[in-house]
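Q: The structure is given below, and queries will be raised subsequently.
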Amino acid sequence: MKKTAFHFLRVGLAITFLWIGVLILKNPESWSGYLQPWVYGLLPLPIEQAMLGTAILDIVIGAMLLLDVFTWIAALVASLHLVIVLTVSGITDITVRDIGLLVAGLALMIDSIPQKMLNKIKLNK
Amino acid sequence: MTSYALLFTLSAIGISETMYLIRKRIASQKPVCPVGDNCSLVLESKYNKIFVIPNDILGLLFYITISFISAFLVIGVEPLVFWDFIFKISILFGSILSLVFTYIQWRIIKAWCFWCLMSAFTIWLMGIIIMSTLLINNII
């Protein structure tokens, strides 16, 4: 990916994750309304605490992306997080937006994997 | 709420920009200068720090403060009046300081730095958003 485009994508995704984290912290209960009913039974802790954990995870991912620190790990966790979000929220009107974010996260991760790691993967083949 | 989202976005852009400048300075590399070629002339001038603190560090601290306070105001962390006051004072102070630095580039160094101007416009835009919000709410 061209370097400038990479940074635009990184900062844009960082702002999205940070702001979503802030909004979940503001009102965790209302965000839990996006979850499918079957998810409640699987949670090992109260829903509010689970949503607060999600908010903190979102903020950490956003901060790492924004500061360009371990970007590939942040993008990997962001992508996994979005896969979980897509799974637990079911198909709604906003599913397509989450798919867009997931693909953006994957693009960032693929483009920021360290060369050392890529070389190791190639050597193992 | 909408204005805080915009201010948070602008502060995040400022954080990424100042982080870039800090990294380049620590690595002793010249930053990319998308418009013109005088960025280094400004960034390496004697006006690049206030007392002993480099301007990029001060900028980063400013943007981090603004992002935290806008998040506090949205989440509702008390005392809201205090945060709101600090928020407005910080942006007013930042806007004035940006004016001073822009004047220094224009009249004293006689060179323009893309990143410094971008930061100045970011802070002025924050000021415009605050002013617009106050006008809409009939506070001014």
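Q: Against the condition over 15 Å from residue B:56 (Cα atoms), surrounded by fewer than 17 Cβ atoms within 10 Å (Cβ to Cβ) and in contact (Cβ under 8 Å) with a residue 60 or more places away in the chain, how does residue B:125 come out, does it pass?
A: yes
Q: Right, something else. When the residues of region A:89-109 are filtered to those that are surrounded by 15 or more Cβ atoms within 10 Å (Cβ to Cβ) and touching a Phe, Trp or Tyr at 6+ places or on another chain (Cβ under 8 Å), which remaining residue is nearest to residue A:38 (Cα to Cα)?
A: Restricting to residues being surrounded by 15 or more Cβ atoms within 10 Å (Cβ to Cβ) and touching a Phe, Trp or Tyr at 6+ places or on another chain (Cβ under 8 Å), the top hit is A:89.
Q: Follow-up question, since we're still on this one. Mind checking which residues of region B:6-19 are facing chain A (nearest Cβ under 8 Å) and either in contact (Cβ under 8 Å) with a residue 60 or more places away in the chain or more than 23 Å from residue A:24 (Cβ to Cβ) (or both)?
A: B:8, B:13, B:19
Q: It is to be established whether one or more residues within region B:48-65 are more than 16 Å from the chain's Cα centre (by Cα) and of a type in the set (Lys, Arg).
A: Among the residues of region B:48-65, not one is more than 16 Å from the chain's Cα centre (by Cα) and of a type in the set (Lys, Arg), which makes the answer no.
Q: Would you check which residues across region B:60-82 are farther than 25 Å from residue B:19 by Cα and out of contact with any Lys or Arg (no Cβ under 9 Å at 6 or more places or on another chain) and list them?
A: Passing the criteria: B:77, B:78, B:79, B:80, B:81, B:82.
Q: For region A:58-72, check the following and say yes or no: at least one residue is surrounded by 17 or more Cβ atoms within 10 Å (Cβ to Cβ), modelled with pLDDT under 95 and in a helix (DSSP H, G or I).
A: Looking through region A:58-72, none of the residues is surrounded by 17 or more Cβ atoms within 10 Å (Cβ to Cβ), modelled with pLDDT under 95 and in a helix (DSSP H, G or I).
Q: Quick one: residue B:14 ticks every box in (1) surrounded by fewer than 20 Cβ atoms within 10 Å (Cβ to Cβ); (2) in a helix (DSSP H, G or I); (3) not aliphatic (A, V, I, L, M) bar one, so which box is it?
A: (1)
Q: Can you name the residue in region A:1-59 that is of a type in the set (Phe, Trp, Tyr), under 21 Å from residue A:95 (Cα atoms) and under 19 Å from the mean Cα position of the chain (by Cα) and, of all such residues, is nearest to the other protein chains (Cβ to nearest Cβ)?
A: Only one residue fits best here, namely A:19.
Q: Another question, then. Limited to region B:68-97, what total is found for residues that are in a loop (DSSP other than H, G, I, E, B) and away from every other protein chain (no Cβ under 14 Å)?
A: Qualifying residue count for the region: 1.
Q: Follow-up. I'd like to verify a number: residues in region B:20-32 that are touching a residue at least 12 places away in the same chain (Cβ under 8 Å) and among the charged types (D, E, K, R), how many?
A: 1
Q: I'd like to check something: does region B:49-58 contain any residue that is crowded, with 16+ Cβ neighbours inside 10 Å, farther than 24 Å from residue A:65 by Cβ and of a type in the set (A, V, I, L, M, F, W, C)?
A: No: zero hits.
Q: Okay, moving on. Among the numbered conditions (1) more than 14 Å from chain A (Cβ to nearest Cβ); (2) buried (at least 18 other Cβ atoms within 10 Å of the Cβ); (3) under 25 Å from residue B:72 (Cβ atoms), tell me where residue B:42 comes up short.
A: Every listed condition holds for residue B:42 apart from (3).
Q: Please specify each residue of region B:88-122 satisfying the condition of being closer than 15 Å to residue B:70 by Cα and free of Cβ contacts under 8 Å to residues at least 24 places away in the same chain.
A: Result: B:89, single match.
Q: So how many residues does region B:20-34 have that are exposed (fewer than 12 other Cβ atoms within 10 Å of the Cβ) and either in contact with a Phe, Trp or Tyr (Cβ under 9 Å, 6 or more places away or on another chain) or within 10 Å of another protein chain (Cβ to nearest Cβ) (or both)?
A: Selection size over region B:20-34: 1.
Q: Sticking with this structure for a sec: Across region B:43-59, what is the number of residues that are closer than 15 Å to residue B:18 by Cα and in contact (Cβ under 8 Å) with a residue 24 or more places away in the chain?
A: Summing the residues that are closer than 15 Å to residue B:18 by Cα and in contact (Cβ under 8 Å) with a residue 24 or more places away in the chain in region B:43-59 gives 6.
The values are calculated or read from the model by the stated rules, or taken from the named source; none is laboratory data. Given the structure is predicted, the values throughout are model-derived calculations rather than measurements. No Cβ is skipped: glycine too gets one built from the backbone with ideal geometry, and neighbour counts run over all protein chains shown.
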